[in-house]
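Trainee: Here it is: the structure, laid out below.
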Amino acid sequence: MNHQKVLVLDFGGQYNQLIARRVREQGVFCDLKPSEMTLEEIKEYNPIGIIFTGGPNSVYDEGSPKIDKRVFELGIPVLGLCYGCQLIAYTLGGAVSHVTTSEYGKTETFYEKSPLLKDVPEKAVCWMSHTDAVTVLPEGFKKLAHTENCPYAAFGDESRKIYGIQFHPEVNHTQYGSQMLKNFLYEVCGAAGDWTMSNFVANQITALRNKIGDKKVLCAMSGGVDSAVAAVLIHKAVGDNLTCVFVDHGLLRKYEADEVMSVFKDGLKMNLIKADAGEIFIKKLKGKKDPEKKRKIIGKQFIRTFEKEAKKIGKVDFLVQGTIYPDVIESGKDKSAVIKSHHNVGGLPSVVNFEEIIEPLRDLFKDEVRKVGFELGLPKSVVMRQPFPGPGLAIRIMGAVTKEKLETLRDSDYILREEIAKAGLDEKIWQYFTVITNSKTVGVQGDFRTYENVIAIRAVTSVDAMTADWARIPDGVLEVISSRITNEVKHANRIVYDITSKPPATIEWE
Ligand code: XMP
């Protein structure tokens with residue numbers, strides 16, 4: 001696609017993806033690439049601007065990532081953040097030192113006049129996080145900001161369009177941070193702002209139409225955001241040449257399967273086949289208590305079911321995958337630290353006959369996928385859907401899965417979701433669900449003794465599911481949830497609230 005590009009070179013900082021998202025939010029496309037990219041590769045990439053991210057190293061550490069000095073001679077504007085700004089100073093002949101008072105957190109900052117700081121007042125708060133700082137500027141640079149302990153909180157060479165910022169404009173705690181990034185993109189790099197989701201949709205539809213033509217496409221749809229948006233995009237491009245297969249493994253939440261059918265088949269008139277496989281999944285899971293075994297059984301059965309449906313369709317040319325940008329970023333960060341421990345149920349079916357995989361969302365961050373979903377007219381219930389694990393409710397029933405437990409889980413989960421939405425918390429909490437623990441306790445309901453399941457409520461806040469904190473749901477809301485579940489749901493007589501963060505716990509219980 002023909003749009004301007006900014007190159008974000010990743011030096012391993014914790015905010016690397018956030019920087020890329022912030023650039024995109026300003027309507028400018030960018031890619032996050034490893035800092036080892038060569039000069040030739042950078043030239044070929046042809047960016048309108050380059051941003052160096054922060055990183056955990058000190059520029060004087062042996063083996064710390066460096067930058068080819070000739071990058072500064074390309075005439076392409078450069079912005080270095082945190083480690084990136086120290087690297088600019090170090091590479092161009094300035095000096096960086098260990099500061100006696102390291103700064104961390106909100107810091108009062110004093111700004112000068114500069115294109116980078118257009119519409120930024122003389123004094124504001126920034127978010128600092130550093131132990132080294134630039135102490136001598138390279139020739140041609142001038143100070144653009146300072147704090148009490150940081151003489152060059154920002155600096156720049158306006159004629160060469162090279163800027164450094166010691167703090168983090170990408171985090172929300174930095175006042176005017178997004179203004180500074182906007183200034184770099186529009187005032188310094190001269191961006192046109194041609195990255196919008198409506199452009200993306202229009203361009204993708206044309207590109208997909210050209211690529212697919214009259215050929216046949218197959219998509220495994222889970223009802224999750226990514227596969228739904230990918231499928232609808234392709235449907236807009238090639239209509240009935242797309243067939244979607246939706247495997248209902250009987251482990252979905254209440255009304256979920258019906259909602260998928262009603263939105264995609266009845267509403268959007270998509271060619272959607274539902275495979276009702278609940279019985280076989282339950283049979284295969286019978287008596288199986290070990291979480292990993294349960295996962296494997298479900299994964300395998302999912303593929304078998306998908307293959308059976310796909311075989312009926314015959315040969316297809318393309319298979320759709322809902323891959324998104326964070327899955328394909330080749331980060332400079334230690335890769336083992338970012339790889340998810342879970343894979344989606346499914347993987348690639350081995351006996352389905354197809355020529356090529358298409359991944360229409362592989363350039364997009366999750367928030368962009370959601371915007372595309374809205375552009376395509378998908379309802380909020382689909383676009384803002386909370387993450388849901390491939391093995392579904394099976395990993396929220398501790399131990400063996402039974403139909404009776406599935407019903408108790410569905411009913412309690414539905415009440416939880418209703419009350420969270422009523423309290424206006426549904427967009428603030430990353431994931432919220434109920435779990436059937438493998439404990440039973442004694443209770444009294446009416447005049448009778450009961451001996452029933454303990455239901456746990458799990459609700460967490462998170463940005464990427466890698467770490468999470470337990471959500472502070474107000475007492476009043478918890479009270480209503482507890483009372484409704486024990487009154488309205490069969491086989492539940494006690495509710496507990498999980499107050500564990502991740503780590504040490506995981507989000508799901510199994
Ligand atoms: P944990 O429980 O490891 O989960 O903190 C992190 C995120 O991944 C989801 N999850 C899964 N997703 N297949 C999936 O597709 C799985 O087997 C699986 N297990 C957990 C979980 O809901 C959370 O969002």
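Since every read-out is calculated from the coordinates, none of them should be taken as a lab result. Just so we're clear, the structure is a prediction, and the values are computed from it rather than from any experiment. Cβ: placed from backbone, ideal geometry, glycine included. Neighbour counts: every protein chain shown.
Trainee: Helix-only mean residue ellipticity at 222 nm, the chain, DSSP H runs n ≥ 4 weighted -39,500 (n - 2.57), per residue, nearest 500. What is it?
Mentor: The per-residue figure over the chain is -9000 deg cm²/dmol.
Trainee: Find the Rg to Rh ratio for the chain, where Rh is the Kirkwood radius over alpha-carbon pairs and Rg uses the same atoms.
Mentor: Radius of gyration relative to Kirkwood radius: 1.03.
Trainee: Would you pull out the residues with amide H under 5 Å of residue 144's amide H, same chain only if 5 or more places away, H placed 1.01 Å from N?
Mentor: HN-HN under 5 Å from residue 144: 154, 155, 156.
Trainee: Which percent, to the nearest 5, of DSSP beta bridges fully inside the chain are antiparallel?
Mentor: 50
Trainee: Long-range amide H contacts for residue 28: which residues qualify at under 5 Å (H placed 1.01 Å from N, peptide plane, sequence gap of 5 or more or a different chain)?
Mentor: Correct list: 195.
Trainee: Only loop residues by DSSP count here, and only those with at most 10 other Cβ atoms within 10 Å; note down the GluC sites (Glu not before Pro) in segment 123-202 that meet that.
Mentor: Those that pass, being in a loop and sparsely packed, are 139.
Trainee: Any idea how far apart residue 407 and residue 3 come out in nm if each label point goes 7 Å out from Cα toward Cβ?
Mentor: Each label point is offset 7 Å from its Cα along the Cβ direction, giving 5.0 nm.
Trainee: I would also like to ask the following. Among 26, 42, 52, which residue has its Cα furthest toward the positive end of the charge dipole of segment 17-70, with +1 on Lys/Arg Cβ and -1 on Asp/Glu Cβ?
Mentor: Projecting each Cα onto the dipole axis, the largest value belongs to 26.
Trainee: Magnitude of the Cβ-charge dipole of segment 123-204, K/R +1 and D/E -1, about the Cα centre, nearest 20 debye?
Mentor: For segment 123-204, the charge dipole is close to 140 debye.
Trainee: Specify which residue in the list 229, 197, 91 is farthest towards the positive end of the charge dipole of the chain, using unit charges on the beta carbon of Lys, Arg (+1) and Asp, Glu (-1), about the Cα centre.
Mentor: 229
Trainee: What is the fewest-to-most order of 39, 425 by other Cβ atoms lying within 10 Å of their Cβ?
Mentor: 39, 425
Trainee: Note down the magnitude of the dipole of segment 1-83 about its Cα centre, charges +1 on Lys and Arg C-beta and -1 on Asp and Glu C-beta and zero elsewhere, to the nearest 20 debye.
Mentor: In total the dipole reaches around 320 debye.
Trainee: Let me ask something else. Taking neighbour Cβ counts within 10 Å as the exposure measure, how do 126, 30 sort from fewest upward?
Mentor: Fewest-to-most Cβ neighbours within 10 Å comes out as 30, 126.
Trainee: Right, here's the next one. Measure of size requested: the Rg and Dmax of segment 159-236, with Cα atoms as the atom set and Å as the unit; please supply both.
Mentor: My reading of the Cα-based Rg and Dmax gives 19.5, 54 Å.
Trainee: Out of segment 162-262, which chymotrypsin sites (Phe, Trp or Tyr not before Pro) are coil in DSSP terms and have no more than 12 other C-beta atoms within 10 Å?
Mentor: Those that pass, being in a loop and sparsely packed, are 255.
Trainee: Rounded to a whole number of µm²/s, how large is the Stokes-Einstein D of segment 1-109 at 20 °C and 1.002 mPa s, given Rh as the Kirkwood radius over C-alpha pairs?
Mentor: 145
Trainee: To check my understanding: the extent here is largest minus smallest coordinate of the Cα atoms along each principal axis. What are those three numbers for segment 352-510, in Å, largest first?
Mentor: For segment 352-510, the Cα extents along the three principal axes come out at 62, 40, 33 Å.
Trainee: Tell me, what does the Kirkwood hydrodynamic radius of segment 181-336 come to in angstroms if you use every pair of distinct C-alpha atoms?
Mentor: Mean inverse Cα-Cα distance, inverted, gives 18.3 Å.
Trainee: When 60, 451, 152 are ordered from fewest to most other Cβ atoms inside 10 Å of their Cβ, what list results?
Mentor: By the 10 Å Cβ count, ascending, the order reads 451, 60, 152.
Trainee: Cross-link partners among lysines for residue 288, C-alpha distance below 28 Å, same-chain residues fewer than 8 apart left out?
Mentor: Counting by Cα, and skipping residues close in sequence, residue 288 has these lysines nearby: 254, 274, 296, 300, 308, 340, 403, 405, 440, 490, 502.
Trainee: Tell me, what ³J(HN,Hα) does each residue in segment 241-258 have, in order and in whole Hz, if you take phi through Karplus 6.51 cos²θ - 1.76 cosθ + 1.60 with θ = phi - 60° and put x for Gly and Pro?
Mentor: Calculated HN-Hα couplings, in order: 6, 9, 10, 10, 10, 10, 8, 8, 8, x, 10, 8, 6, 4, 6, 5, 4, 5 Hz.
Trainee: Treating cross-link reach as a plain straight distance, find the lysines whose alpha-carbon is under 21 Å from the alpha-carbon of residue 211, omitting any fewer than eight places away in the same chain.
Mentor: 236, 315
Trainee: Semi-axes of the equivalent ellipsoid of segment 196-273: what are they in whole Å, largest first, if each equals the square root of 5 times a C-alpha gyration tensor eigenvalue?
Mentor: Value: 24, 14, 10 Å, ordered largest first.
Trainee: Here is a follow-up. Note down the magnitude of the dipole of the chain about its Cα centre, charges +1 on Lys and Arg C-beta and -1 on Asp and Glu C-beta and zero elsewhere, to the nearest 20 debye.
Mentor: So the dipole magnitude of the chain works out to roughly 1740 debye.
Trainee: Give the residue from 429, 77, 131 lying farthest towards the positive end of the charge dipole for the chain; charges sit on Cβ (+1 for Lys and Arg, -1 for Asp and Glu) and the dipole is referred to the Cα centre.
Mentor: 429
Trainee: Cross-link candidates for residue 142: which lysines have Cα within less than 19 Å, leaving aside residues fewer than 8 places away along the same chain?
Mentor: Of all the lysines, those that pass the test against residue 142 - Cα under 19 Å, at least 8 places apart if same chain - are 113, 118, 123, 161.
Trainee: Additional query: With θ set to phi - 60°, apply the Karplus curve 6.51 cos²θ - 1.76 cosθ + 1.60 along segment 430-435 and write out the HN-Hα couplings as whole Hz, x wherever there is a Gly or Pro.
Mentor: Result, ordered by residue: 5, 8, 8, 6, 9, 10 Hz.
Trainee: Now for a separate question. Please list, ordered by chain and number, the residues whose modelled amide H lies under 5 Å from the amide H of residue 275; skip anything fewer than 5 residues away on the same chain.
Mentor: 246, 247, 248
Trainee: Please label the shape of segment 40-160 as rounded, prolate or oblate, based on the square roots a ≥ b ≥ c of the eigenvalues of the alpha-carbon gyration tensor (a/c under 1.5 means rounded; beyond that, a/b larger than b/c means prolate, else oblate).
Mentor: Because a/c hits 1.5 or more and a/b fails to exceed b/c, segment 40-160 counts as oblate.
Trainee: Span-like helices, the chain: DSSP H, alpha-carbon axial extent 18 Å or more, mean Kyte-Doolittle -1.0 or greater, which ones?
Mentor: The qualifying helices are 197-212, 225-238, 475-488.
Trainee: Could you give P(r) for segment 116-195, binned at 5 Å from zero, as whole percent values over all Cα-Cα pairs?
Mentor: Pairs per bin, as whole percents: 3, 14, 26, 25, 20, 9, 3, 1.
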